[in-house]
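Data block below; observations after.
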Amino acid sequence: MSSAAHNGTSGRRAATVIVAVSWCAAALLSVLVLRWDEAFVSATFKSGVPLSTDARQLVKLTRAILLCATLAFLCLGVLVRAKTEQVGGFLVRHRRTIEGMLTSAVTLVLLLAVLEAAARVVLRGQTSELGGAAYKAQLARLRYNSFGLRDREFSVDKPRGTVRIIALGDSFTFGHGIENEAAPWPKVLESLLNAAAPVGTRYEVINAGQNGFGTADELARLKETLVFRPDAVILGYFFNDAETDDMILHRSTLTTLQRFAYGAHFFLFGHSYLYGLVVVRWEALKINCGFEKSAPQQWNEIYGMKEQLNIHKQQLLQMREIAVAAQASFVIVTIPGNYDFAHYPLRVGHAFMRAFCAEQQLACIDPLPVFAGQDYTRTRLNPYDAHPSEYGHRLLAETIYNSPVFREALPHP
């Protein structure tokens, strides 16, 4: 066989492979398009957690993109099949260039795979304040009851002799980064109460905290959990709960391109240890170099606008009103951030809450004086995550348990 004939045959075979791969890709994408809806995305990427409004819009956008990609692969296959000779000739003429590009691509993929494996070994399940792949894996292993709470099952009818306490809050109450079901502070508090309970009395502290919750979400969760007929409600308050009136009334809207970019970012951040490692270290570098404000600095700016926090205050007061109307006492616990307590960056938020509680005669507990005497590297999860460690949760529960404010608010059966 002549060289020209051999090259022609090789080119046609390569073109046939492209057709087969294109049509296989179109078939797989078409199946994904048919399955791609809110329920599928929630179950596959969010561990069953309901999607936000922005996420639902992103699902629709992604479905349209997948549909376009399906049609593109289908058309590519048809076009190459119709122009087999021309495509084959092109592939033969540029064989070395194409082989070089493929070699570079394969090398890059293999390098990224090795680095991803190395990142998984180095991190060993280490979470960050924003979550990440390790935290997503932890969430998938956690157990939830039929009410969607990270806790055991509770009967709606309260058993005789039982004192029920609802613990509201965000990730600092939920137990971000903690797999031990008994370690979040609501469950430690429950154990402390039952250890000293008189005969015939049982305490149930229901962990109603949820990652990402703000004050409005906690208010809604309180209304939902009134079905348990609580005797007391504890709000685990953290400083990212605060929003100015303008932030609440005028939510920022994202463009379609921004939604897609954020969606791609959070997908990678939630699945790739390597990507998460780079993002977290890069953000820390920008903050350390002064190019970007840290989270505490951003929160302090919000608390500095006291006259613009009216809606936030109203939401807190509404929680007390709802609790009191349900014949339950209401206590706010201002949870400290686990930063260097020698140069603690969140004193502005603590001062705001102390003044607000005194002004409104709210029952409030500030554990900061207790935490200030601790080594913050022991009370926090890891250097890149200021959420409480198991020790931090226990210290928080013990502080609440020993507080005269809590003792006064604690009902007796």
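The values are calculated or read from the model by the stated rules, or taken from the named source; none is laboratory data. Remember, it's a predicted structure, so these values are computed and weren't measured experimentally. Positions of Cβ are generated from backbone atoms using ideal geometry, with glycine treated the same way; all protein chains shown enter the neighbour counts.
Values computed for the structure shown
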quantity	calculated
Any chance Lys60 is in a helix (DSSP H, G or I), under 35 Å from the mean Cα position of the chain (by Cα) and crowded, with 16+ Cβ neighbours inside 10 Å	no
Any chance His350 is surrounded by 18 or more Cβ atoms within 10 Å (Cβ to Cβ) and free of Cβ contacts under 8 Å to residues at least 60 places away in the same chain	yes
Which listed residue is in contact with a Ser or Thr (Cβ under 8 Å, 6 or more places away or on another chain), within 17 Å of Leu219 (Cα to Cα) and buried (at least 17 other Cβ atoms within 10 Å of the Cβ), from Leu316, Leu381, Leu368, Leu362	Leu316
Residue list for segment 272-307, filter: of a type outside the set (A, V, I, L, M, F, W, C) and surrounded by 15 or more Cβ atoms within 10 Å (Cβ to Cβ)	Ser272, Tyr273, Tyr275, Gly276, Glu283, Ser294, Pro296, Asn300, Tyr303
Those helices (runs of 4 or more DSSP H) lying entirely in segment 331-408 with at least 2 residues over 25 Å from the mean Cα position of the chain (by Cα)	347-360, 368-371, 390-402
Selected residue [closer than 30 Å to Thr162 by Cβ and touching a helix residue (DSSP H, G or I) at 6+ places or on another chain (Cβ under 9 Å)] from Leu226, Leu249, Leu277	Leu226
Ile302 assigned to a helix (DSSP H, G or I), farther than 22 Å from His176 by Cβ and of a type outside the set (Lys, Arg)	no
Checking Pro50 against (1) loosely packed, with under 14 Cβ neighbours inside 10 Å; (2) in a helix (DSSP H, G or I); (3) modelled with pLDDT under 90; (4) under 30 Å from the mean Cα position of the chain (by Cα), the condition it does not meet	(2)
Asn382 assigned by TED's automatic domain parsing to the domain that holds Ile302, among the polar types (S, T, N, Q) and in contact (Cβ under 8 Å) with a residue 24 or more places away in the chain	yes
Qualifying position, being assigned by TED's automatic domain parsing to the domain that holds Ile322, touching a strand residue (DSSP E or B) at 6+ places or on another chain (Cβ under 7 Å) and free of Cβ contacts under 8 Å to residues at least 60 places away in the same chain, among Ala363, Ala372	Ala363
Spans of helices (runs of 4 or more DSSP H) in segment 107-212 with at least 1 residues modelled with pLDDT of 95 or more and touching a Phe, Trp or Tyr at 6+ places or on another chain (Cβ under 8 Å)	171-174, 185-195
Any hit, segment 252-261, residues being over 30 Å from Leu346 (Cβ atoms), among the charged types (D, E, K, R), surrounded by fewer than 21 Cβ atoms within 10 Å (Cβ to Cβ) and out of contact with any His (no Cβ under 6 Å at 6 or more places or on another chain)	yes
Qualifying residue in segment 234-244 (condition: out of contact with any Pro (no Cβ under 6 Å at 6 or more places or on another chain), hydrophobic (A, V, I, L, M, F, W, C) and farther than 28 Å from Leu193 by Cα)	yes
Asp246 vs. criteria of a type in the set (D, E, K, R), at pLDDT below 90 and not in a loop (DSSP other than H, G, I, E, B)	yes
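This table checks each residue for (1) acidic (Asp, Glu); (2) on the phi > 0 side of the Ramachandran plot; (3) surrounded by 15 or more Cβ atoms within 10 Å (Cβ to Cβ).
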site	(1), (2), (3)
Asn180	no, no, no
Pro186	no, no, yes
Ala196	no, no, no
Gly200	no, yes, no
Gly209	no, no, yes
Lys223	no, no, no
Leu226	no, no, yes
